[in-house]
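As C-alpha cells, the structure follows; a few thoughts come after it.
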Amino acid sequence: MTQTQTTDTLSGDSFAALFEQAAQGAGATEMGGEGQIVTGIVVAVNRDAVIVDIGGKSEGVIKADEFIDAAGQLTIKAGDRVDVFIESRESDDGMISLSKEKADKMKVWDEISSACERDEIIEGTISQRVKGGLSVTIRGGVKAFLPGSQVDLRPIRNLDKLIGQTYEFKVIKFNKKRGNIVLSRRVLLEKERDTLKAKTLAHLEEGMVLVGTIKNLTEYGAFVDLGGIDGLLHITDMSWGRVNHPSEVFKVGDEVTVKVLKYNAETERVSLGLKQTQEDPWNHAEEVYIIGKRVKGKVMSLTDYGAFVELEPGVEGLIHVSEMSWTKKVKHPSKMMEIGNEVECQVLEVDSRAKRISLGLKQLEPDPWTLFTDKYKPGDKITGKVRSITDYGVFIGIEEGVDGMVHKTDLSWTVKINNPADLYGKGDEVEAIILSINHDEKKVSLGVKQLWDDPWGNILEKYKPGAVVAEATVLSVVDYGAFVRIAEGIEALIPSGDTDPNLALSPGDKVKAEVANVDSMDRRITLTMRNVGSSPAAEQFQALAREKAGQGATLGDLLKNKLGGKLAELAGEKKE
C-alpha cells in the first residue's frame, strides 16, 4: 500500500480514532508515549520491516511498505532520521508498533490547522465528484469537501469537467477531531471580484473602450466581464450586419474589445457595443454602391414583398418582387431564390440616411419592352396567342414579356361582343393590328376588326333584311345562339331561336341563312335559318332586286298584291 492510499483511509472517522489515541497518549513519557509522534533513527532495513530506535532503549518496527515510492523502491536506509507515530507499547518480542504514515498524517493536520488559524489560502486538486459537491485533495493527500454552491460565483451545471483541476481555496469549516474540512472557492472569487470591481468603477465612464471576456450568452445578447462588473452587449450592438444569435459571433471565454454606451452608477448597469468600435459601413455606401453598378451578395431573408441581400457586413439591399423578372409575375421571392444563395443584381437606388439600397435582378437582362418598341410601331400587324381573357377584352402575347390587349369593342365591326370568351379561347392564335403604344404605362392596344376596312357602308346596301347568305361560317356556338362570319370582317349572330333545330352547329360549319335585322345604331346583324328565302322579307328583297334590275313587277305591284291578299284573308275570316 502506498503512502497516499494509506493516508486516504485515515480520513473522517478513522482520523477521529487516531486523534483520540494521540490525545490519550499526550500524558505519557516523552520517549515512548503511545499515540505520540517522536523522531527516531533507522537502525536496520530489511525486506519486510524497518527497525527504528526511538530512544529510551526502545526500538519499534514499521512495515517496509510505508517507505516504498511509486516506482517500488525503498526510500529509507540505516542512519536516516524519521518521524513516527507510536501505535502500541512493547509486544512480547520487545518491539513497539510504529507508523510513519500516521505520523505524516498527524503533521499534515497540524499544518492545516495552523493555516486555518492564520487564515491562509490552501491549494488543492479536485479529485472526484461526491454527493452535494466535489472532493478536493489538499496537503499530504488529505481529503476535503467543496460544496457545489462554493465552486464558483455562478452555478456550474457540469461539475465533472473540473475534475483534475488545481485551484486555491479558503477553509470555511475545520474540525480536527472529526477529520472534517470544508472548502470554498467562491469566497476567494468574490473577494477578487470586489477588488476588480472597485478598480473598474473608479475610472468607468461612457465612451470608454475596454477589453473584456465573454462570460455568458443569452438569446438577446452576451454578458461581458469588464473586471469585477458585467456589462450587457446586446445582440443589436454586436455587428453592423445581421446576427441571429450571439453564439454565431462569440463563445464563452472569448476576449472582446467593446465600447461603453451607457453607465448607470446607481444601478451599476453597463450597456456595451462592439460595432461602435468600428466604422459604420453606411458612411461610404453611396460611394461604393453607385446606381447602375452590378454587385453580388448573399440572400439573408425572404419576405412576401422581396429578398434582403447582404452586400457586406452591415449593408443589406432589398430586391422587390417587382424587380425580379421582366416576364414573370413573381408571387413570392422563394420561387426565384433561397436563403444563403449568392445572387448578382444591379443597384437601383441608394439612401444612406435611411440605410436603404434598392436592388434589381431583372435589370441584368434586356428589357423586353425596349426590344418590342424597337421592333414594332402603331399600324403593324402582329400574330400571337391568347394569354388570358377578361370581361372587357382579350390579352395576346406579342413578344416574350410583352402582351397587348384587344378591347371587346375592337373585335368586330358588326357584332356587339359582350363576352370575349364567346369568340376566343386561351391559346388561340390571333392576328391583330397595333392601335397604340403607351410608353409610360407600357401598354399596347390592339384591334382585330381593324384588319379590314369598316364595311358598314356596304353592309347597309348589300345585307338588308331578307337578303340570303348562301354560305356563312360558324365561328362559335354559345347558349344564346351562334356567331358566324358572312364575309371577311363581317360577323353576325344567329339567335338560338332562329337556328335549325335539326342541325347541331359546330365551329367551322357552313350554313345558309337570311338577314333578319340590321341595327344601324349598334351595328348589329341578326340572321335566321328559318324559311330562308321564302319569308315576306325575302320576297320583298328579291322584288326590290328585280325592280332595280328591270326584271318583273315593280315594288308598287308587289305591295298591291300583298295588300289585296291580306284584305281577302280578312274578309274570309269575317264570313266564318
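The values are calculated or read from the model by the stated rules, or taken from the named source; none is laboratory data. Just so it is clear, the structure is predicted and the values come from calculations on it, not from any experiment. Cβ atoms come from the backbone with ideal geometry, glycine included; neighbour counts cover every protein chain shown.
Going through (1) under 13 Å from Ser184 (Cα atoms); (2) out of contact with any Asp or Glu (no Cβ under 8 Å at 6 or more places or on another chain); (3) in contact (Cβ under 8 Å) with a residue 60 or more places away in the chain one by one, Leu134 falls short only on (3). Selection of strands (runs of 3 or more DSSP E) fully inside segment 185-253 by the criterion of at least 2 residues being hydrophobic (A, V, I, L, M, F, W, C), outside the structural domain of Ile156 (by TED's automatic domain parsing) and without any contact (Cβ under 8 Å) to a residue 40 or more places away in the chain returns 221-225. Restricting segment 345-356 to residues that are touching a residue at least 40 places away in the same chain (Cβ under 8 Å) and not acidic (Asp, Glu), the residue that is surrounded by the most Cβ atoms within 10 Å (Cβ to Cβ) is Cys345.
Which residue, of Glu342, Glu338, Glu312, Glu286, is among the charged types (D, E, K, R), closer than 26 Å to Leu217 by Cβ and in contact (Cβ under 8 Å) with a residue 24 or more places away in the chain?
On the way: Glu342 fails: closer than 26 Å to Leu217 by Cβ; Glu338 fails: closer than 26 Å to Leu217 by Cβ; Glu286 fails: closer than 26 Å to Leu217 by Cβ.
Matching residue, one of Glu342, Glu338, Glu312, Glu286: Glu312.
Out of curiosity, is Gly497 assigned by TED's automatic domain parsing to the domain that holds Arg523, surrounded by 14 or more Cβ atoms within 10 Å (Cβ to Cβ) and among the small types (Gly, Ala, Ser)? Spell out the reasoning first.
Numbers: assigned by TED's automatic domain parsing to the domain that holds Arg523: yes; surrounded by 14 or more Cβ atoms within 10 Å (Cβ to Cβ): no; among the small types (Gly, Ala, Ser): yes.
So Gly497 does not fit the description; no.
Looking at (1) within 21 Å of Glu310 (Cβ to Cβ); (2) in contact with a strand residue (DSSP E or B) (Cβ under 8 Å, 6 or more places away or on another chain); (3) of a type in the set (A, V, I, L, M, F, W, C), find the lone condition where Val243 falls short. Of everything listed in (1) within 21 Å of Glu310 (Cβ to Cβ); (2) in contact with a strand residue (DSSP E or B) (Cβ under 8 Å, 6 or more places away or on another chain); (3) of a type in the set (A, V, I, L, M, F, W, C), Val243 misses just condition (2).
If you check Lys298 against the conditions, is it within 25 Å of Gly401 (Cβ to Cβ) and either in the same structural domain as Glu400 (by TED's automatic domain parsing) or not small (Gly, Ala, Ser) (or both)? Even if it seems obvious, please write down each step before you answer.
Numbers: within 25 Å of Gly401 (Cβ to Cβ): no; either in the same structural domain as Glu400 (by TED's automatic domain parsing) or not small (Gly, Ala, Ser) (or both): yes.
Criteria not met by Lys298.
Residues of segment 157-174 that are free of Cβ contacts under 8 Å to residues at least 24 places away in the same chain and surrounded by fewer than 12 Cβ atoms within 10 Å (Cβ to Cβ): Arg157, Asn158, Lys161.
Identify all residues within segment 500-521 that are basic (Lys, Arg) and either surrounded by 15 or more Cβ atoms within 10 Å (Cβ to Cβ) or within 60 Å of the chain's Cα centre (by Cα) (or both); write none if there are none.
Of the residues in segment 500-521, the ones basic (Lys, Arg) are 510, 512.
Listed by number, the list is empty, since nothing qualifies.
Name the residues in segment 147-178 that are outside any strand (DSSP E or B), of a type outside the set (Asp, Glu) and touching a strand residue (DSSP E or B) at 6+ places or on another chain (Cβ under 9 Å), would you?
The first filter runs over segment 147-178 and keeps only residues outside any strand (DSSP E or B), leaving 148-165, 176-178.
Next, from what is left, pick out any that are of a type outside the set (Asp, Glu): 148-151, 153-159, 161-165, 176-178.
Hits for segment 147-178 are Gly148, Ser149, Gln150, Val151, Arg154, Leu159, Leu162, Ile163, Gly164, Gln165.
Considering (1) exposed (fewer than 14 other Cβ atoms within 10 Å of the Cβ); (2) in contact (Cβ under 8 Å) with a residue 24 or more places away in the chain; (3) out of contact with any strand residue (DSSP E or B) (no Cβ under 9 Å at 6 or more places or on another chain); (4) farther than 20 Å from Tyr424 by Cβ, say which one Glu488 fails and leave the rest. Here Glu488 clears every test but (4).
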